[in-house]
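> The structure is given below, and queries will be raised subsequently.
The values are calculated or read from the model by the stated rules, or taken from the named source; none is laboratory data. Computed from a predicted structure; not experimentally measured. Because the Cβ atoms are built from the backbone with ideal geometry, glycine has one as well, and the counts that use them run over all protein chains shown. We work out accessible area using only protein heavy atoms, side chains counted, and drop any ligands, DNA or RNA first. Shrake-Rupley method; radii C 1.70, N 1.55, O 1.52, S 1.80 Å.
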Amino acid sequence: MGINVSDSFMETACSFLNCIHGGVPFKYLGLPVGANPRRMSTWVPLLDRLRNKLNSWGNKHLSLGGRLVLINSVLNSIQVFFLSFMKMPVHVLKKVTRIQREFLWGGVKGGKKLCWIKWRVVCQDKSRGGLGIRDLKAVNFSLLMKWRWRLLQNDEAALWKDVLVAKYGVYILHNVGWSSCPSPSFASLWWKDIRDLEACVVDRNWVLEKIVRRLGNGALTSFWNVIWVGDSSLRVRFPRLFSLSLQKEATVNEVVLASENGLCVWNFVWRRPLFQWEEESVSRLLELLEGVLLSQEVDKWWWTLDLEGRFSVKSAYDALSKELIEGPLLTPYEGDIF
């Protein structure tokens, strides 16, 4: 396969190497590489696999409980590899949901059967009165969130990170929120889907809420550009002071002059003497920084949905499902049944 080369060069190369001329997209480990995830043709193999799996079960008589188990353990597991890399379009999501819904209420043969409960209620957790079928949209977002988390981890041997940094900038390794950073016009559809995870929940940045900075020695945390104290970065909270600072790229450790009795003494460097109202902003900044302590540990990112701060797809799904799956809160019947 050649990229930005002429056809004559490819013919010569294939003849010399005695190989076949390939093209993009191509399939690697069952995943279409270079395919447009917005097109239906990219997802046709997945839909065929789901239908073939239903046909392989034959005319088995399955109870409702058995169909629930098969949907979660088999049908929902087939597309996990796809959903880990690509965002499923809405029209494909509807087709997959239809396959699951028809199998749930109609059995192996499917068809148009009476749906006794709305699908958004079916996808709710059993503790909330649903049937516990995993919602594909929430599954897709939680699987893609893994890439955002992996970008923040310290892994110098990851070649794929070097490629992304060279293409999109080093900020992706140190910032949780990317909305303030411009997206290049040449960004791939995959990268745009990863960026759009910040808007997966309406009216707020869900990613910023769930990933916070745990301060250690302050050597790896940007003083102005990263949320490490309060609910927003100091750059956003004090824009005037940031514009006057000569330490825009400094880390927390570099801004600390000394540490007395465990408390930090801050050393701010401005490009000119401050006015009186600007000194008041400095006072508010110092009030916010009261109680900040540095330790000998390394700074790290913390996943707020886990007690140990480690990311997991399950915790992300549990939180996203409560946000995305709208439906009435049903309670089990506690009376006597005659």
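> Which three semi-axes in whole Å describe the equivalent ellipsoid of segment 142-300, each the square root of 5 times a Cα gyration tensor eigenvalue, listed largest first? Before the final figure, lay out the partial values.
Values: eigenvalues 184, 67, 46 Å².
Over the Cα atoms of segment 142-300, the semi-axes work out to 30, 18, 15 Å.
> Assigning unit charges at the beta carbon (Lys, Arg +1; Asp, Glu -1) and nothing else, what dipole magnitude in debye, to the nearest 20, does the chain show about its Cα centre? Before the final figure, lay out each step's value.
Values: 44 positive and 32 negative charges, 411 e Å.
With only Lys, Arg, Asp and Glu charged at Cβ, the dipole is about 1980 debye.
> Moving on to the next point. Using a 1.4 angstrom probe and counting only protein chains, how large is the accessible area of residue 1 in Å², to 10?
The accessible area of residue 1 comes to roughly 120 Å².
> Here's another thing I want to ask about it. Calculated from DSSP H runs of 4 or more alone, at -39500 (n - 2.57) each and per residue, what is the 222 nm mean residue ellipticity of the chain, nearest 500?
Numbers: 15 runs with 138 residues, N = 338.
Value at 222 nm, helices only: -11500 deg cm²/dmol.
> Still on this structure, I have one more. For the chain, build the charge dipole from Cβ charges (+1 Lys, Arg; -1 Asp, Glu) around the Cα centre, then report which of 77, 176, 251 sits farthest towards its positive end.
Toward the positive end, the furthest listed residue is 77.
> Also, quick follow-up: Using the Cβ atoms and a cut-off under 15 Å, what net charge is assigned to the surroundings of residue 308, where Lys and Arg are +1 and Asp and Glu are -1? Intermediate values should be presented prior to the final figure.
On the way: positive: 210, 214, 300, 310, 314; negative: 297, 306.
Once all neighbours under 15 Å are counted, the net charge is +3.
> Which of 126/146; 87/167; 87/146; 146/314; 53/146 have a Cα-Cα distance over 19 Å? Can you show the working numbers first?
On the way: 126/146 26 Å; 87/167 21 Å; 87/146 13 Å; 146/314 11 Å; 53/146 28 Å.
Exceeds cut-off: 126/146; 87/167; 53/146.
> Could you order 61, 21 so the one with the most accessible surface comes first? Probe is 1.4 Å. List each step's numbers first, then the result.
On the way: 61 185, 21 105 Å².
The ranking, largest first, comes out as 61, 21.
> At a Förster distance of 41 Å, what's the computed FRET efficiency of residue 285 paired with residue 52, Cβ-Cβ distance as r, to 0.05? Spell out each step's value before the answer.
Working: r = 62 Å, r/R0 = 1.51.
For residue 285 and residue 52, the calculated efficiency is 0.10.
> Could you tell me which of 205, 324, 307 has its Cα farthest along the dipole of the chain towards the positive end, charges placed at Cβ (Lys, Arg +1; Asp, Glu -1), taken about the Cα centre?
It is 324, whose Cα lies furthest towards the positive end.
> If you rank 81, 238 by how much accessible surface each has, with a 1.4 Å probe, what is the order from largest down? Please list the in-between numbers first.
On the way: 81 85, 238 15 Å².
If we order 81, 238 from most to least accessible, we get 81, 238.
> Between rounded, prolate and oblate, where does segment 15-109 land on the alpha carbon gyration tensor, with a ≥ b ≥ c its root eigenvalues, rounded for a/c under 1.5, else prolate if a/b exceeds b/c? Let's see the in-between values first.
On the way: a/c = 3.06, a/b = 2.15, b/c = 1.42.
Taking the square roots of the gyration eigenvalues as a ≥ b ≥ c, segment 15-109 is prolate.
> Where does each of 69-76, 13-20 land if you order them by average Cβ count within 10 Å, highest first?
Numbers: 69-76: 16.2, 13-20: 9.4.
Highest to lowest by the protection proxy: 69-76, 13-20.
> Assign one of three labels to the chain, namely rounded, prolate or oblate, based on the Cα gyration tensor with a ≥ b ≥ c the square roots of its eigenvalues; rounded applies when a/c is under 1.5, prolate when it is not and a/b is larger than b/c, and oblate otherwise.
The shape class here is oblate.
> Related question: Longer than 19 Å from Cα to Cα, which of 210/248; 94/210; 95/137 are they? Say none if no pair is.
210/248; 94/210
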